[in-house]
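Below is one structure; the comments refer to it alone.
The values are calculated or read from the model by the stated rules, or taken from the named source; none is laboratory data. Model, not experiment: these values are computed from the prediction. Here the Cβ is made from the backbone with ideal geometry for all residues, glycine too, and neighbour counts use every protein chain on show.
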Amino acid sequence: MKKIVLALSILTIVACKEEAPKDYLIFSGKIENQSSDSLYVFQGRAFAKTIKVAENGTFNDTLKVATGMYGIYDGNKNNKTNNLFFKNGNDLKLELDANEFNESLKFSGKGADDNNYFLKKSKMQENLFEPSLFDLEEVDFNAKVVEMEKELNSFLESNSKNLDSTLLANEKIEITKFKGGITGAYKQQQGRAAQFASYIGKPSPDFDFENAKGGKTALADLKGKYVYIDVWATWCGPCIREIPSLKKVEKNFHGKNIEFVSLSVDDGRGFKGDAVAAKEAWKKMIADKELGGTQIISDNGWKSDFVQGFKINGIPRFILLDPAGNVVNADAPRPSSPKLIELFDSLEM
């Protein structure tokens, strides 16, 4: 009898003993309309792994990671990426449609709460960051930043219940850095006017680029009209967010003496340097988003004479030329800014 009791006691101790935490992450899921047979996971230069995706879109792998944010990339479908929170011991399941990459993400399993938080945060920030924020006068800008900081704190507080402690601590740190970071960016933006003042009234650098219809468009072809140039790329989130405003401005100024030109600097980024694949993605986005105006693509990405001539090292960038091809503004207001309409209204079109 004593032996039976002892055996049961041992079994109870074994049964109650907590399982040792796994020193790896299980990452699995399914991709609809997959772009390739692989899913790429990376963290800058510190971590990179290729996960094989089956023909039916399913994948399952284990990763040893340092707790933090990682990027995922599904191949070459419009160069889409997203950020995920990974931690050893989690069992994270992902579902997505490659045709609607960011919009279709779904998470389940251990670690889902952390990643669902970022989905909610991303949607919140779309409304929080108004594209015309940097066009405000300094007093109004500072007041808006205080308001935004309060919204960020409120959002984190209302969504922090099930967050990983490391993630929660990092989010709090990010908020403390928010005001200084965005104020620095604002001051840098205000200094751009002086930086590009020397261009005003001078002839624009020339271009003669392939257009989306299969021919070529040169700056000389547009002489006699004002030319508003949007320098963008298919992988640029801020560029994409300006598209609805750009289409609205184009509609409002239809019939006026102005040509709207969108210049893509897509050069193979995200396509293993394959400029042909990048060009196809450019054409597809033009069709999918029903982009108007004149759509052209740089003959040498960022290194073309036109891009280099305007010292473009960040996008989106907007440029306005007069009917003679001279520069009105080398860093013109973006389509979402009320200042663009004010500028157009001041011109004789």
Notebook entry, point to check: What are the pairs, 6+ residues apart or on separate chains, where a residue within the range 97-110 that is among the aromatic types (Phe, Trp, Tyr) has its Cβ under 8 Å from a residue that is part of a helix (DSSP H, G or I)?
Noted result: Phe107/Asn115; Phe107/Asn116; Phe107/Leu119
Notebook entry, point to check: What single numbered condition from (1) touching a Leu at 6+ places or on another chain (Cβ under 8 Å); (2) in a helix (DSSP H, G or I) fails to hold for Gln125?
Noted result: (1)
Checklist line | Scan of the range 31-61 for residues that are at pLDDT below 95 and either hydroxyl-bearing (Ser, Thr, Tyr) or not assigned by TED's automatic domain parsing to the domain that holds Glu103 (or both), ordered by number | finding: Ser35, Ser36, Ser38, Tyr40, Thr50
Checklist line | Scope the range 90-107; condition surrounded by 15 or more Cβ atoms within 10 Å (Cβ to Cβ) and among the small types (Gly, Ala, Ser); matching residues | finding: Ala98
Next item on the list: Please name all residue pairs, on different chains or six or more residues apart, with Cβ atoms under 7 Å, provided the first residue is in the range 187-198 and is in a loop (DSSP other than H, G, I, E, B) and the second residue is surrounded by 12 or more Cβ atoms within 10 Å (Cβ to Cβ) and among the hydroxyl-bearing types (Ser, Thr, Tyr).
Entry: none
Margin query: Could you check the range 82-126 and list, in sequence order, the residues that are under 17 Å from the mean Cα position of the chain (by Cα) and over 17 Å from Tyr70 (Cα atoms)?
Written below: Ala98, Asn99, Glu100, Glu103, Ser104, Lys120, Lys123, Met124, Gln125, Glu126
Notebook entry, point to check: Taking the range 129-149, which residues are exposed (fewer than 15 other Cβ atoms within 10 Å of the Cβ) and hydrophobic (A, V, I, L, M, F, W, C)?
Noted result: Phe129, Val139, Ala143, Val146
Next item on the list: State which residue is surrounded by the most Cβ atoms within 10 Å (Cβ to Cβ) when the search covers only the range 184-207 and only residues that are among the polar types (S, T, N, Q) and within 20 Å of Arg334 (Cβ to Cβ).
Entry: Ser204
Next item on the list: Could you check, for the range 160-168, whether at least one of its residues is farther than 30 Å from Gly268 by Cα, assigned to a helix (DSSP H, G or I), free of Cβ contacts under 8 Å to residues at least 24 places away in the same chain and not assigned by TED's automatic domain parsing to the domain that holds Ala275?
Entry: yes
Next item on the list: Name, by its number, the condition in (1) surrounded by 17 or more Cβ atoms within 10 Å (Cβ to Cβ); (2) within 15 Å of Leu25 (Cα to Cα) that does not hold for Leu152.
Entry: (2)
Note to self: Among the residues of the range 201-215, are any at pLDDT below 95, more than 30 Å from Gln308 (Cβ to Cβ) and among the basic types (Lys, Arg)?
What the structure shows: no
Check: Which residue pairs have Cβ atoms closer than 7 Å, lie 6 or more positions apart in sequence or on different chains, and pair a first residue in the range 40-68 that is under 29 Å from Ser165 (Cβ atoms) and touching a residue at least 24 places away in the same chain (Cβ under 8 Å) with a second residue that is of a type in the set (Ser, Thr, Tyr) and part of a strand (DSSP E or B)?
Finding: Tyr40/Thr50; Tyr40/Tyr73; Val41/Tyr70; Phe42/Tyr70; Gln43/Tyr70; Ile51/Ser38; Phe59/Ser28; Asn60/Ser28
Notebook entry, point to check: Of all residues in the range 172-214, how many are more than 22 Å from Glu130 (Cβ to Cβ) and of a type outside the set (Ser, Thr, Tyr)?
Noted result: 20
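Assess whether Glu210 counts as being in a strand (DSSP E or B), over 13 Å from Arg334 (Cβ atoms) and charged (D, E, K, R).
Taking the combined requirement at face value, the residue satisfies it.
Restricting to the range 98-135, what's the tally of residues that are hydrophobic (A, V, I, L, M, F, W, C) and either under 20 Å from Cys239 (Cβ atoms) or modelled with pLDDT under 85 (or both)?
6
Taking Ser28 as the residue in question, decide whether it is assigned by TED's automatic domain parsing to the domain that holds Glu95, within 21 Å of the chain's Cα centre (by Cα) and either under 14 Å from Leu92 (Cα atoms) or not acidic (Asp, Glu) (or both).
no
Working only within the range 169-186, note down all residues that are under 26 Å from Asn115 (Cα atoms) and either hydroxyl-bearing (Ser, Thr, Tyr) or outside any helix (DSSP H, G or I) (or both).
Of everything in the range 169-186, just one residue is under 26 Å from Asn115 (Cα atoms) and either hydroxyl-bearing (Ser, Thr, Tyr) or outside any helix (DSSP H, G or I) (or both), namely Thr176.
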Notebook entry, point to check: Would a scan of the range 265-287 turn up a residue that is touching a strand residue (DSSP E or B) at 6+ places or on another chain (Cβ under 9 Å) and within 24 Å of Asn326 (Cβ to Cβ)?
Noted result: yes
